[in-house]
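Beneath this line is the structure, given in structure tokens, with notes to follow.
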Amino acid sequence: MTALRSAAAAGPLAGDLAVPGDKSISHRALMLGSLAVGETVIEGLLEGEDVLRTAAAMRALGARVMQHACGRWQVQGVGVGALVEPDQVLDMGNAGTGARLLMGVVAAHPITAFFTGDASLVRRPMARVMNPLRQMGARFMARSGDRLPLGLAGAPTPLPITYRLPVASAQVKSAILLAGLNTAGRTTVVEPEPTRDHTELMLRHFGAEVAVEDGPDGRVVSLTGRPELTGRPVLVPGDPSSAAFPIVAALLVEGSDVLVRNVGLNPLRTGLLTTLHEMGAAISVENARTEAGEPVGDLRVRGTGPLAGITVPAARAPSMIDEYPVLACLAAAARGRTVMHGLGELRVKESDRLTAVAEGLASCGARVSVDGDTLTVEGDGRPPRGGGHILTRLDHRIAMAFLVLGLATRDAVTIDDDEAIGTSFPGFVDLLNGIGARIGTVDGEGSAGHGGTEGAITA
Ligand code: S3P
């Protein structure tokens, strides 16, 4: 556990960088590669702690998963329905995506597995996946009803279901579809709000039949069960949720000119870019291309001065759900009020992000309020004074968002613990410092507690 401090950049940020591979796609590539027959070679896999936990879990379930070189991994799959019972508890660390998707995979195998995670993951609700998976025939025994650690007895004869998502969650959709793989018949998920479709795209890539259509209640995704999946090459693009940090950094520091290369631009992930354009940001897509079925491009970002506060509609939340902490930090330096609606899901992420963002911004002197599921940040066109000591709460995105804010504030911003950053963005500090950031350890100050009295939080 190391405290880090981010001090105002000495000048504009400049240069180009590539962020690590997409976390969502990396988890799915390891899982589907393990369920395919033959070899899957993955290029650009995110080697963050979350994904490494999934790699270990797939090994424990019988697949061969090997690292060949940096970012290049080989998976020898066992085929749909052929995973074996793990003889140890599957410790998914900090990874909600890894845990929930893997529960879907295991739920349709006649095996019993036990899942646990770190202090953040054991607090997160699992009923959202347990409910549909129970309907398919799986049985659970969970702490406090729906928390890890939990035991899961997969269904010997899983039943296909049609399930309407009560929350907009790609994790829940994906858990059901992955269970549907080893289920005879058609498994259907209806999602009122479209969420990231990496599972659907990758299932097709590996040879499954997935139909997607618009129905009266939303997007209807149906999978034909028991396909033969065949090992395929997978190219993982850079994670747009990680790219958000250097992008916002460049927008916060006037005069910056930064190229973020190889960013995944799946339209169900680009809500932040839409929002930043509406705020007046100068971001252009260069070298747009399609790689392994996913749109990819390089993003040139110029810091042209203060942006305008806007209202971000609730319907956009699924396409930028992980980007609100860093957007809120940017909004604190914008001119006027930024109102972000529909953020209830932020309360059940790696931390309660609504509280973490509101308290953190207030400790940096920003004007911020939370009203139900709406977060409002008011700026006057200049960064807040900074100086906050941020509790990261085992949440990588809280840690990185506030380190980015510190690049523009008068007083340095401190985070109490850098460890969570490695779950999704190994190398974050070096990459940011490489374009002109000044993020370093806190010498001689011990670990930072929560502090700051200026600014106001109203809840
Ligand atoms: C993810 C979906 C999102 C996101 C998470 C990754 C995925 O969660 O917050 O970081 O890979 O499916 P929800 O689907 O629960 O909103």
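Measuring from centroid to centroid over Cα atoms, what is the spacing of the range 351-372 and the range 164-189 in Å?
Here the two parts' Cα centres lie 34 Å apart.
Which far-off residues, 5 or more places away or on another chain, put their amide H under 5 Å from the one on Arg367, with H placed in the peptide plane?
Under 5 Å from the amide H of Arg367 lie the amide H atoms of Glu378, each far enough along the sequence or on another chain.
Can you compute the FRET efficiency between Asp373 and Arg134 using 1/(1 + (r/R0)^6), with r the Cβ-Cβ distance and R0 = 45 Å? Round to the nearest 0.05.
After rounding to 0.05, the efficiency reads 0.95.
If you place +1 on the Cβ of every Lys and Arg, -1 on the Cβ of every Asp and Glu, and leave all else neutral, what size is the dipole of the range 23-223 about its Cα centre, to the nearest 20 Debye?
The calculation lands at about 400 debye.
Which three numbers, in whole Å and largest first, are the semi-axes of the equivalent ellipsoid of the range 48-87 derived from its Cα gyration tensor as √(5λ)?
Equivalent ellipsoid of the range 48-87: 19, 12, 7 Å, largest first.
If I fit a long axis through the Cα atoms of helix 96-107 and take the longest principal axis of the Cα atoms of the chain, what angle between them do I get, 0 to 90°, rounded to 10?
Approximately 10 degrees, to the nearest 10.
Under 5 Å between amide hydrogens, which residues at least 5 positions from Thr162 or on another chain qualify, with H placed 1.01 Å from N in the peptide plane?
Amide H neighbours of Thr162: Thr188.
Please determine, in degrees from 0 to 90 and to the nearest 10, the orientation of helix 353-363 with respect to the longest principal axis defined by the Cα atoms of the chain, where the helix direction is its Cα long axis.
The angle comes out at about 10 degrees.
How fast does the range 23-223 diffuse by Stokes-Einstein, in µm²/s, taking the Kirkwood radius from C-alpha pairs at 37 °C and 0.692 mPa s?
This corresponds to a translational diffusion coefficient of 199 µm²/s.
To the nearest 20 Debye, how big is the dipole of the chain about its Cα centre, given +1 on the beta carbon of each Lys and Arg and -1 on that of each Asp and Glu?
Magnitude of the dipole: close to 720 debye.
May I ask for the Kirkwood hydrodynamic radius of the range 328-426, worked out over all distinct Cα pairs and given in angstroms to one decimal?
Radius from the Kirkwood sum: 13.3 Å.
Could you state the orientation-averaged shadow area of the convex hull built on the Cα atoms of the chain, in nm² to one decimal?
19.6 nm²
Relative contact order for the chain: what is it in percent, counting Cα pairs under 8 Å that are at least 6 residues apart?
Computed over the chain, the figure is 19 percent.
Once the piece of chain linking Gln67 and Thr311 is laid out straight, how much longer is it, given 0.36 nm per residue of separation minus the C-alpha distance between them?
Extra length from Gln67 to Thr311 when fully extended: 83.4 nm.
Assign unit charges at the C-beta atoms only (+1 for Lys and Arg, -1 for Asp and Glu), then state the dipole size of the range 263-322 relative to its Cα centre in Debye, rounded to the nearest 20.
140 debye
Might you tell me the accessible area per residue for the chain, computed with a 1.4 Å probe and given in Å²?
Per-residue accessible area for the chain comes out at 35 Å².
Among DSSP bridges having both ends in the chain, what percentage is antiparallel? Round to the nearest 5.
Taking every DSSP beta bridge within the chain, about 75 percent pair in antiparallel fashion.
For the range 23-52 and the range 194-233, what is the separation of their C-alpha centers, rounded to whole Å?
Going from one Cα centre to the other spans 17 Å.
Measure of size requested: the Rg and Dmax of the range 189-316, with Cα atoms as the atom set and Å as the unit; please supply both.
17.5, 55
Express in nm, to one decimal, how much length is gained between Val285 and Arg226 on full extension, taking 0.36 nm for each residue of separation and deducting their alpha carbon distance.
So the extension gain works out to 17.3 nm.
For Thr162 paired with Arg143, estimate the spin-label separation in nm (one decimal), with each label point 7 Å from Cα along the Cα-to-Cβ line.
For the pair Thr162/Arg143, the computed spacing is 3.9 nm.
Round to the nearest 10 and give me the degree value, 0 to 90, for the angle of helix 396-405's Cα axis relative to the longest principal axis of the chain.
Approximately 20 degrees, to the nearest 10.
Helix-only mean residue ellipticity at 222 nm, the chain, DSSP H runs n ≥ 4 weighted -39,500 (n - 2.57), per residue, nearest 500. What is it?
Roughly -8000 deg cm²/dmol at 222 nm, from the helical runs in the chain.
Stretched out fully, how many nm does the piece from Met1 to Glu278 gain, at 0.36 nm a residue minus the Cα gap?
95.9 nm
Hey, what do the phi angles of the range 423-429 turn into as Karplus ³J(HN,Hα) couplings, whole Hz, using 6.51/-1.76/1.60 and θ = phi - 60°, x for Gly and Pro?
5, 10, 9, x, x, 4, 5
Along the charge dipole of the chain, which of Val258, Pro156, Leu30 sits closest to the positive end, that is, farthest toward it, with unit charges on the beta carbon of Lys, Arg, Asp and Glu (+1, +1, -1, -1)?
Farthest along the dipole direction, towards plus: Pro156.
The values are calculated or read from the model by the stated rules, or taken from the named source; none is laboratory data. All figures in this text were calculated on a predicted structure; none of them were measured in a lab. Here Cβ is always computed from backbone atoms with ideal geometry, including for glycine, and neighbour counts include all displayed protein chains. The accessibility values were calculated without ligands, DNA or RNA, using every heavy atom of the protein model including side chains. Shrake-Rupley method; radii C 1.70, N 1.55, O 1.52, S 1.80 Å.
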